[in-house]
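Reviewing the structure listed below.
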Amino acid sequence: MTNNNNPKKTTLSFTAVSLIASSLFVTNLSYADDNDRGEVYFRADVESQCGIKVEKDNGSLGFREYGDDAAQIKIINNNHDGQVRLKLTDIDFDDQDYFAPIHNQLFHFKVSGDVDKEGSASDWLVGQTFNHDELSGGQKLDIKAKIELDEADAIAKDDIVLETEWTAYCIS
């Protein structure tokens, strides 16, 4: 008696048909024309960015010597070869904190990156220029401050404050 329902025979027939169908499908994919592929490009327009981000908003004010603790700013300038003009745009102090008459020439700032630039508040109100290479890695700058007075010329109190505002101008 013959049995047509032999599971081994059915499995082998199905496997053979699957292999033939797979090879036909792969054969069709492997002979793609040059017209069946192409290159795709992605572009972006990057706007110029210029400014300052305050990383650390306070430092110590020194008497005759720069304070030990520096404030820190980060220059934002995505123009690779440009220069940055850093300016002190506002300075505010209470002249009642000192016995001597106070003016901008008495306050000095030292800005440090890969180079150090120093000057009085009056000098920094005009500004100083940093080349791209002079800005430290990450374009972070430390700012230290001092007043050309002896500590004995200041009123004894906990909080003598020198408030400043800085602006960066990017020059292409």
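How large is the accessible surface of D68 in square angstrom, using a 1.4 angstrom probe and rounding to the nearest 10?
Its heavy atoms expose roughly 150 Å² to the probe.
Please list S112, S172 in order of solvent-accessible area, largest first, computed with a 1.4 Å probe with all protein chains present. Intermediate values should be presented prior to the final figure.
Details: S112 30, S172 135 Å².
Most to least solvent-accessible, the answer reads S172, S112.
Using θ = phi - 60° and the Karplus curve 6.51 cos²θ - 1.76 cosθ + 1.60, what whole-Hz ³J(HN,Hα) does each residue of region 155-172 get, with Gly and Pro shown as x?
Along region 155-172, the couplings run 5, 6, 7, 6, 9, 8, 10, 10, 9, 10, 10, 10, 9, 9, 10, 8, 10, 7 Hz.
Hand me the tally of lysine pairs in region 83-172: alpha carbons under 19 angstrom apart, and the pair either on different chains or 8 or more positions apart.
Lysine pairs satisfying the spacing and distance rule in region 83-172 number 12.
In debye, nearest 20: dipole of region 99-142 around its Cα centre with unit charges on the Cβ of K, R (+) and D, E (-)? Please list the in-between numbers first.
Details: 3 positive and 7 negative charges, 38 e Å.
My answer is approximately 180 debye.
Mind grabbing the accessible area of L106 for me, 1.4 Å probe, Å², rounded to tens?
30 Å²
Need one value: the accessible area of K157 in square angstrom, 1.4 angstrom probe, rounded to the nearest 10.
Accessible area of K157: about 110 Å².
Given charges of +1 on the Cβ of Lys and Arg and -1 on the Cβ of Asp and Glu, with all other atoms neutral, how large is the dipole of region 128-172 about its Cα centre, in debye to the nearest 20?
Dipole size: approximately 240 debye.
With a 1.4 Å probe and all protein chains kept in place, how do K146, K74 rank by accessible area, largest first? Intermediate values should be presented prior to the final figure.
Details: K146 30, K74 75 Å².
Ranking K146, K74 by accessible area, largest first, yields K74, K146.
Does anything in region 75-103 have its amide N under 15 Å from the 7 Å Cα→Cβ label point of I155, and if so which residues?
It comes to 93-102, nothing else.
First measure r as the distance between the Cβ atoms of Q128 and Q49, then evaluate 1/(1 + (r/R0)^6) with R0 = 30 Å and state the FRET efficiency to the nearest 0.05.
0.90
Per residue of region 42-56, in order, report the coupling 6.51 cos²θ - 1.76 cosθ + 1.60 (Karplus, θ = phi - 60°) as ³J(HN,Hα) in whole Hz, putting x for Gly and Pro.
Along region 42-56, the couplings run 10, 10, 9, 9, 9, 6, 5, 10, 8, x, 10, 10, 7, 8, 9 Hz.
Taking 0.36 nm per residue of sequence separation and subtracting the Cα-Cα distance, how much length would be gained by fully extending the chain between K56 and D81, in nm to one decimal?
Taking 0.36 nm per residue and subtracting the Cα distance, the gain is 6.4 nm.
Can you check what the net charge comes to around F130, using other residues whose Cβ is under 15 Å from the Cβ of F130 (Lys, Arg +1; Asp, Glu -1)? Write out the running numbers ahead of the final one.
Details: positive: K74, R85, K87, K110, K117, K140; negative: D81, D114, D116, E118, D123, D133, E134, D142.
Counting the neighbours of F130, the net charge comes to -2.
What does the charge count around E55 come to, taking other residues whose C-beta lies under 10 Å from its C-beta (Lys +1, Arg +1, Asp -1, Glu -1)?
Every neighbour counted, the sum reads +2.
Need the full-extension length gain, V115 to F63, defined as separation in residues times 0.36 nm minus the C-alpha distance. One decimal, nm. Let's see the in-between values first.
Values: separation 52, 0.36 × 52 = 18.72 nm, distance 2.30 nm.
Using 0.36 nm per residue and subtracting the Cα-Cα distance, I get 16.4 nm.
Go through Y41, Y169, Y98, Y66 and list them by solvent-accessible area, largest first, probe radius 1.4 Å. Could you put the intermediate results ahead of the total?
Values: Y41 145, Y169 100, Y98 15, Y66 45 Å².
Order by accessible area, largest first: Y41, Y169, Y66, Y98.
Cα-based Rg of region 99-170 per 2.2 N^0.38 Å, rounded to two decimals?
1.29
The values are calculated or read from the model by the stated rules, or taken from the named source; none is laboratory data. Treat the numbers as computed from the prediction; the structure is a model and nothing was measured. Using ideal geometry, Cβ is built from the backbone for each residue, glycine included, and neighbour counts are taken over all protein chains shown. The accessibility values were calculated without ligands, DNA or RNA, using every heavy atom of the protein model including side chains. Shrake-Rupley method; radii C 1.70, N 1.55, O 1.52, S 1.80 Å.
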